[in-house]
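K.L.:
There's a structure below that I have some questions on.
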Amino acid sequence: MNDNPNAPQYESLVLRVLWMLVFLLVWQIAQLLLGGLVLVQLIYRLVYGAPNGGLMNVGDSLSLYLAQIGRFGSFHTEQKPWPFADWPAPRAPEGEAPYAEPAAQTKQP
């Protein structure tokens, strides 16, 4: 009775919509995290005069993750974002160099 050739496509679309709703929730959480990271990085930059390298890497990975969610949600790709794919690796910084601790000076006796 259910010999509709479009049924498998419909079922996969329903499943995709469910995944899109899950990733919409994840998007909202990740967006808040990225906003908090931006504020912390700004404060760090004001205090130390240069951004924190670790925060730069986390921020870049998180923004690439948000881009993966956007690409999946806009039907640009069939690849689901993390945890179904690898977490995005941060790219090399293109702006300011990260803060480096000054070398510790040893006292000579």
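K.L.:
Given R₀ = 41 Å, what would the calculated FRET efficiency be for residue 79 paired with residue 101, taking r from the Cβ atoms and rounding to 0.05?
P.N.:
The computed FRET efficiency comes out at 0.60.
K.L.:
Next question, about the same structure. Using Cβ contacts closer than 10 Å as the measure, can you line up 60, 86 from fewest to most?
P.N.:
86, 60
K.L.:
Sort the range 19-92 into rounded, prolate or oblate with this rule: let a ≥ b ≥ c be the square roots of the eigenvalues of the Cα gyration tensor; rounded if a/c is under 1.5, and if a/c is not under 1.5, prolate when a/b is larger than b/c, oblate otherwise.
P.N.:
prolate
K.L.:
Do any chymotrypsin sites (Phe, Trp or Tyr not before Pro) in the range 13-82 lie in a loop, going by DSSP, with at most 11 other beta-carbon atoms within 10 Å of their beta carbon, and if so which?
P.N.:
Those satisfying the criteria are 75.
Read the figures in this text as sums done on the coordinates, not as results from a lab. Since the model is a prediction, treat every value here as computed from it, not as a measurement. All Cβ positions, even for glycine, are placed from backbone atoms using ideal geometry, and neighbour counts span all protein chains on display.
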